[in-house]
Amino acid sequence: MQNSAQIRVRFAPSPTGFLHVGGLRTALYNYLFARKNGGVFVLRIEDTDRNRYVPGAVDSLITMLRWAGLDYDEGPAAGGDFGPYIQSERLTLYQAHVQRLLDQGNAYRCFCTPERLEEMRRKQEKEKSSFKYDRHCLFLSDTEIQTHLSKNSPHVIRLKVPDGETFTAADEVRGEVEFSSERVDDQILLKSDGYPTYHLANVVDDHLMNITHVIRGEEWLSSMPKHLLLYRYFGWNVPKFAHLPLLLNPDRSKLSKRQGDVAVEDYRAKGYLKEALINFIALLGWNPGDEQEIFTMPELIAKFSLPDINKAGAIFNIEKLNWLNFEHLRRKSDAEVLPLLREELAQSAYKDKTFPDDYLLKVIHVMRERMSFIRDLIEKSPYFFDAPGSYDPDAVRKRWMSQTPGQMKSLAEEFSRLRDPRKDDYENALHKTAASLATPNGTLIHPLRLALSGRGGGPGVFEILEILGKEESIARIHHAIHTISVPS
Ligand code: GLU
């Protein structure tokens, strides 16, 4: 049941490519606001600019929102009482609404040719004034209009902006904002192909979808007077607005691809946890006014509020994201890391191998202090997933002496006598072998690590032994004895 006091917000992306981190922030703030207030979070696809439409973009947007945990209540593929939620499926609605404006005299047909508009633009550019339609067609007589229509002249429909007016509106982030009508263009509402522009479709849909709060990026602030005018002409209640601060590069320029990744999917591909990315994005322009920096989604929902959004641009600092990623990873239990490791394995060179859960849990347990990303578990310790294919030449030079193969053979023999060994048993066996060979423990430990892992460093060698198990460990020792060439 629709409750008239219920908060309804929307994320209204245009499917022009990938989901931008700025888009994720807008979606997140809408989501948090809805969840905090028991409201409804709508996804609406604003695809009326056919020149910028990218096939597949809607699916990838939805995939990214779901990955990030921003489940929407209404929208494409979810349904709802206010659909369709894709603007290109709502064209007749916009056309009917624009007709209302024409009938009222609040909009007018414009038959200006692209050539005429271009010339006007050039002239205004020369005069260094920002582009504003000169209202040539506002003054056409009825007969002139009828003549054009009977000739099927291509035309657009423009908003009639009153002269000499100051629009004021309250923005939840910026407070009172003011716009002079002198600076507002007679915006095209309906294009000659029958498609609405963003402004018309956006306002009509926000109204028809009962949107109570419009939370969106600052770049849309300048559109507000046009939108306010449309609400007035249609006689509709104006929703509350909150314009979110710009995202900036560390040098305070507008966040751009040139200085780093801006697509959410790039961060996912790099292995950032969604919890870390969400936490990071949440703090780009919002903080609850205390010292807390690490938030889970439920904590964000509990603390989020529009008045705590900052006006000043938010700097995108990748070091902070890395730190948050590390912190969120640290907070996960081994069991929570397990499915993430399985996902990574499925995309790795080991995708065709099977590993039991308890084996992987042991790997996670010994490696977790050494990882910043899940994939580090594989990249820093590939030897848990396959026997080493080669041995680090530096470590070989330092650790594999002429006497090493004989010593390793004795060690392997000692190991083979152990029954169900744990790491302490391996350790005792190594000490015993070292004593009987009258050699320090280190002369066995380092080459043993090399034989098991191919590497010179890593977690404790007895832990590696326990994880790999006796058979595998002994096989690796023998393989190393036969493969590593002893310095002459
Ligand atoms: N379609 C616009 C965009 O791509 C939506 C702006 C708004 O939320 O009003 O960002």
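State whether the residues of segment 290-304 include one that is assigned to a helix (DSSP H, G or I), at pLDDT below 95, more than 16 Å from the ligand (Cβ to nearest atom) and under 22 Å from the mean Cα position of the chain (by Cα). Checking segment 290-304: not a single residue is assigned to a helix (DSSP H, G or I), at pLDDT below 95, more than 16 Å from the ligand (Cβ to nearest atom) and under 22 Å from the mean Cα position of the chain (by Cα).
Candidates R342, R368, R397: the one that is more than 28 Å from the chain's Cα centre (by Cα) and not in a loop (DSSP other than H, G, I, E, B) is R397. Of all residues in segment 14-28, those that are part of a helix (DSSP H, G or I) and within 11 Å of the ligand (Cβ to nearest atom) total 4. Taking segment 163-189 as the range and being in contact (Cβ under 8 Å) with a residue 24 or more places away in the chain and over 19 Å from F131 (Cβ atoms) as the test, the residues that pass are F167, A169, A170, D171, E172, V173, R174, V177. Contact map, segment 120-139: first residue over 22 Å from Y108 (Cβ atoms), second residue loosely packed, with under 15 Cβ neighbours inside 10 Å, Cβ cut-off under 8 Å, separation 6 or more or different chains; pairs are E125/F131. Scanning segment 452-477 for residues that are among the polar types (S, T, N, Q) and closer than 13 Å to L418 by Cβ turns up just one, S473. Considering P388, P405, the condition of being within 14 Å of I481 (Cα to Cα), modelled with pLDDT of 95 or more and part of a helix (DSSP H, G or I) is satisfied by P405 alone. Every test in (1) modelled with pLDDT under 95; (2) part of a loop (DSSP other than H, G, I, E, B) is passed by A269 save one, and that test is (2).
Only one entry in I145, I211 is modelled with pLDDT of 95 or more and within 34 Å of the chain's Cα centre (by Cα), namely I211. The single condition among (1) of a type outside the set (G, A, S); (2) more than 14 Å from the ligand (Cβ to nearest atom); (3) surrounded by 15 or more Cβ atoms within 10 Å (Cβ to Cβ) that F11 does not satisfy is (2). Is there a residue in segment 387-396 that is closer than 27 Å to Y350 by Cβ and among the acidic types (D, E)? Within segment 387-396, one or more residues are closer than 27 Å to Y350 by Cβ and among the acidic types (D, E). Of all residues in segment 402-434, those satisfying the criterion of being hydroxyl-bearing (S, T, Y) and either more than 15 Å from L465 (Cβ to Cβ) or touching a His at 6+ places or on another chain (Cβ under 6 Å) (or both) are S402, T404, S410. So which residues in segment 275-309 are in contact with a strand residue (DSSP E or B) (Cβ under 8 Å, 6 or more places away or on another chain), surrounded by 14 or more Cβ atoms within 10 Å (Cβ to Cβ) and farther than 19 Å from A263 by Cα, if there are any at all? Within segment 275-309, W286, F304, L306, I309 meet the criteria.
Scoring R44 on the criteria (1) out of contact with any Asp or Glu (no Cβ under 7 Å at 6 or more places or on another chain); (2) basic (K, R); (3) within 13 Å of the ligand (Cβ to nearest atom) leaves a single failure, condition (1).
Would you confirm, using the coordinates I've provided, whether L418 is at pLDDT 95 or above and buried (at least 20 other Cβ atoms within 10 Å of the Cβ)? Against the criterion (at pLDDT 95 or above and buried (at least 20 other Cβ atoms within 10 Å of the Cβ)), L418 does not qualify. When I62, I86 are checked against the criterion of being in contact with a Pro (Cβ under 9 Å, 6 or more places away or on another chain), within 15 Å of L208 (Cβ to Cβ), surrounded by 14 or more Cβ atoms within 10 Å (Cβ to Cβ) and β-branched (V, I, T), I86 stands alone in meeting it.
This table checks each residue for (1) free of Cβ contacts under 8 Å to residues at least 60 places away in the same chain; (2) more than 16 Å from the ligand (Cβ to nearest atom).
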site	(1), (2)
F33	no, no
N51	yes, no
D59	yes, yes
L65	yes, no
Q95	no, yes
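The criterion of at least 3 residues that are within 11 Å of the ligand (Cβ to nearest atom) and buried (at least 19 other Cβ atoms within 10 Å of the Cβ) is met, among strands (runs of 3 or more DSSP E) falling completely within segment 160-226, by 213-217. Give me a count of the residues in segment 68-120 that are assigned to a loop (DSSP other than H, G, I, E, B), modelled with pLDDT of 95 or more and at positive phi. Summing the residues that are assigned to a loop (DSSP other than H, G, I, E, B), modelled with pLDDT of 95 or more and at positive phi in segment 68-120 gives 3. Every listed requirement among (1) touching a residue at least 60 places away in the same chain (Cβ under 8 Å); (2) farther than 21 Å from E369 by Cβ; (3) touching a Lys or Arg at 6+ places or on another chain (Cβ under 9 Å) is met by D420 save one, (1). Within segment 227-241, no residue satisfies the criterion of being within 11 Å of the ligand (Cβ to nearest atom), surrounded by fewer than 22 Cβ atoms within 10 Å (Cβ to Cβ) and closer than 22 Å to L91 by Cβ.
The values are calculated or read from the model by the stated rules, or taken from the named source; none is laboratory data. A quick note: this is a predicted structure, and the numbers were derived from the prediction, not measured. Glycine also receives a Cβ, built like all others from the backbone with ideal geometry; neighbour counts cover every protein chain displayed.
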